[in-house]
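Everything on this sheet refers to the single structure shown next.
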Amino acid sequence: MAIVMKPIAFLSSEWNPTPWIKRAEAAAPGIDIRAWPNIGGDADGIAYAIAWKPPQDAFDALPNLQVIFSLGAGVDHIFAVERLPDVPLVRAVNADLTARMSEYAVMHTLMHHRQQRLLDRYQSERIWKDPPQPAAAEVRVGVMGLGVLGRDSAEKLKIMGFDVAGWSRSKKDIPGIPSYHGPDGLKAFLQRTDILIALLPHTTETDGILNYALFSQLAHDGVLGAPILINAGRGRLQVEEDIVRALDDGTLGAATLDVFVTEPLPADSPLWTHPNVTITPHNAADSDPDAITRGILKQIEAYERGEPLKNVVDPKKGY
Ligand code: NDP
Ligand code: OXD
């Protein structure tokens, strides 16, 4: 890879910059990349920021920024900055991330469908018992968010034999996968859903969308007995008290949660010990540093050649 000429700032309140900087330096020898807060006195020259949960004041000293790159697919962590420069914001999209998310969606759908948690309990009690096993075609999976990640997950679940549909803001035309869209399409989508997989971004419109009223509209006549929630989008999509209430009164049968309103999930959250909840530590699709770094440097190179940026976020939509 050719040397990237304009300097880059690495902005994160959470991640150790060293491995990222080493990767960037290995991929583009001579690159000038500095980690917040040690940006240096000549920060005027910094043209690019690469960011994950950037500190509130991280952009203040970068007056000539041209592009911000999110180290993740989601950009809510960047829009959370109050004084965000008015420059293009590019998010992470790559085949590795997409494949990892689909693995998660398929694995947890199968885990619920094949009742693996129940079988684990039987094993711990040395019980030899074969619970009823419906066919995948009898299970209606609904994917909320048919973007890069949701569409791939939906298509892979379809290949597994599930009866898959999706819901998004705009209408989609995906062979074999009925598409519902917008607020008007939500009710019909929920009513035909036994396993709900949330792969939405967190925006003002999706905040708290996974709530008791929504769970009540899911199908309650399915072969699994009660509907299942899988949320790998963002924690703030969900109202956690409502999940517990819905699990306790049978409105939901079980939940797999990868993301939470507060991360790490506080030790006193009732979700930790709920018998019908499976928790993963926001690792449904880890960002592979090599893939992300390569992708960003390639985009910077192309941008410096005058080519348009890809995967630019629409600030009005918030994703
Ligand atoms: P995309 O932007 O490609 O897709 C977002 C989808 O959500 C689109 O289909 C969009 O509709 C839909 N959507 C957004 N707002 C609404 C709304 N108000 N009503 C209905 N549909 C809506 O994002 P990705 O698929 O790449 O990623 C999705 C999210 O997954 C990320 O934002 C991030 O939060 C999360 N994520 C989680 C990870 C984890 O490890 N847990 C890892 C990576 C990402 P339309 O197509 O019509 O625009
Ligand atoms: C992302 C994430 O947004 O890992 O990529 O959550």
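Among Tyr122, Val106, Ser70, which residue has its Cα furthest toward the positive end of the charge dipole of segment 52-130, with +1 on Lys/Arg Cβ and -1 on Asp/Glu Cβ?
So the residue we want is Tyr122.
Please check: in the Gaussian network model of the chain (C-alpha springs, under 10 Å), which one of Leu110, Leu97, Leu89 has the largest mean-square fluctuation.
Leu110
What FRET efficiency would be calculated for the residue pair Asp86, Asp207, taking the C-beta separation as r and a Förster radius of 25 Å, to the nearest 0.05?
That pair, Asp86 with Asp207, gives E of 0.60.
Please report, in debye to the nearest 20, how large the charge dipole of segment 60-126 is about its Cα centre when each Lys and Arg carries +1 at its beta carbon and each Asp and Glu carries -1 there.
Details: 7 positive and 8 negative charges, 91 e Å.
The calculated dipole for segment 60-126 is roughly 440 debye.
Using a Gaussian network model of the chain whose springs link C-alpha atoms within less than 10 Å, name the residue from Leu71, Leu247, Leu309 with the highest mean-square fluctuation.
Judging by the Gaussian network model, the answer is Leu309.
Can you run phi through the Karplus equation (6.51, -1.76, 1.60; θ = phi - 60°) for segment 275-288 and list ³J(HN,Hα) in whole Hz, with x for Gly and Pro?
Those phi angles translate into x, 9, 10, 10, 10, 10, x, 6, 10, 4, 9, 5, 7, 6 Hz.
Could you calculate the contour length gain from Gln133 to Asp314, that is, 0.36 nm times the residue separation minus the distance between their Cα atoms, to one decimal place in nm?
That works out to 60.8 nm of additional length.
Run the simple label-point estimate for Ala99 and Ala27 please: 7 Å along Cα→C-beta, distance reported in nm.
Rounded to a tenth, the inter-label distance reads 1.7 nm.
Which value, in debye to the nearest 20, describes the size of the charge dipole of segment 171-220 about its Cα centre when Lys and Arg Cβ atoms bear +1, Asp and Glu Cβ atoms bear -1, and nothing else is charged?
For this selection, approximately 140 debye.
With the chain treated as a Gaussian network of Cα nodes joined by springs under 10 Å, which of Ile174, Ile127, Ile21 yields the largest mean-square fluctuation?
Between Ile174, Ile127, Ile21, it is Ile127 that shows the largest mean-square fluctuation.
Dipole of segment 1-160 (Lys/Arg Cβ +1, Asp/Glu Cβ -1, origin at the Cα centre): which of Trp52, Ser153, Leu84 lies farthest to the positive side?
It is Ser153, whose Cα lies furthest towards the positive end.
Karplus couplings for segment 226-233 from phi (6.51 cos²θ - 1.76 cosθ + 1.60, θ = phi - 60°), rounded to Hz, Gly and Pro as x?
These are the phi-based 3J(HN,Hα) values: 8, x, 10, 10, 10, 10, 10, x Hz.
Counting only residues 5 or more places away or on other chains, whose amide H sits under 5 Å from the amide H of Thr256 once H atoms are built in the peptide plane?
Leu229, Ile230, Asn231, Thr278
For segment 32-37, take each phi angle, set θ = phi - 60°, evaluate the Karplus expression 6.51 cos²θ - 1.76 cosθ + 1.60, and give the result in whole Hz per residue in order, putting x for glycine and proline.
Rounded to whole hertz, the list is 9, 10, 10, 9, 4, x.
Just how large is the dipole of the chain about the Cα centre, in debye to the nearest 20, putting +1 at every Lys and Arg Cβ and -1 at every Asp and Glu Cβ? Could the numbers behind the result be given before it?
Numbers: 31 positive and 40 negative charges, 147 e Å.
Around 700 debye, computed over the chain.
Relative contact order of segment 125-221, please, whole-number percent, based on alpha carbon pairs below 8 angstrom and at least 6 residues apart.
Relative contact order comes out at 28 percent.
Round to a whole angstrom and tell me the spacing of the C-alpha centers of segment 181-226 and segment 64-100.
27
For segment 161-319, what relative contact order do you get, as a whole percent, if you take Cα pairs closer than 8 Å and at least 6 residues apart?
Relative contact order of segment 161-319: 16 percent.
How charged is the neighbourhood of Glu301? Take every other residue with its Cβ under 12 Å from the Cβ of Glu301, and add Lys/Arg as +1 and Asp/Glu as -1. Walk me through the numbers on the way to the answer.
Working: positive: Lys6, Arg294, Lys298, Arg305; negative: Glu304, Glu307.
It works out to a net charge of +2.
Multiply the residue separation of Asp120 and Asp173 by 0.36 nm, subtract the distance between their alpha-carbon atoms, and state the gained length in nm to one decimal. Spell out each step's value before the answer.
Values: separation 53, 0.36 × 53 = 19.08 nm, distance 3.92 nm.
Result: 15.2 nm gained on full extension.
Under the definition of Cα pairs under 8 Å and six or more residues apart, what whole-number percent is the relative contact order of the chain?
RCO, the chain: 16 percent.
Taking the Cβ of Phe189 as the centre, find all other residues whose Cβ is under 14 Å away and add up their charges (Lys, Arg: +1; Asp, Glu: -1).
Net of charged neighbours comes to +3.
All of the numbers you see were taken from the coordinates with simple rules; none came from a lab. Treat the numbers as computed from the prediction; the structure is a model and nothing was measured. Don't worry about glycine lacking a Cβ; one is built from the backbone with ideal geometry, like all the others, and counts go over all protein chains shown.
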